[in-house]
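Beneath this line is the structure, given in structure tokens, with notes to follow.
The values are calculated or read from the model by the stated rules, or taken from the named source; none is laboratory data. Bear in mind the structure is a predicted one, so any value in this text is a computation, not a measurement. Here the Cβ positions follow ideal geometry from the backbone for every residue, glycine too, while neighbour counts run over all protein chains shown.
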Amino acid sequence: MKGSVEVGGIISALTRNEDFTAGAQQALPKKCQDPKIFSIPCTIGDCTFADAMLDLGALINVMPTSIYKSLNFGDLEPTRMTIQLANRSVVQPLGVLED
């Protein structure tokens, strides 16, 4: 069908109108640089961290041992998993802490 697109069994007609044409000709906003690591100041109990990393959608969170010990969360559950970090290095965690 000329002028139509089929996506997952749904057909929607493509039309070219003045609103679309005018919108497509406007300049796009400047793309911001990727922050790579996004951090904020944070306080948990009596512990204050100047640069706490925010979760940007990772499936797991990794915490340095020194911070874990300062928070006194209790014992870690043993694990046999390994984690491949962004720099492609592979590490063995000391354990797992569930929410």
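Within the stretch 68-99, the set of residues being in a loop (DSSP other than H, G, I, E, B) and of a type in the set (S, T, N, Q) comprises 72, 79, 82, 87, 89, 92. Residue-level analysis places residue 98 among those that are loosely packed, with under 10 Cβ neighbours inside 10 Å and modelled with pLDDT under 85. Which of the residues that make up the stretch 38-55 are in a loop (DSSP other than H, G, I, E, B), on the phi < 0 side of the Ramachandran plot and surrounded by fewer than 10 Cβ atoms within 10 Å (Cβ to Cβ)? Selection gives 46, 55.
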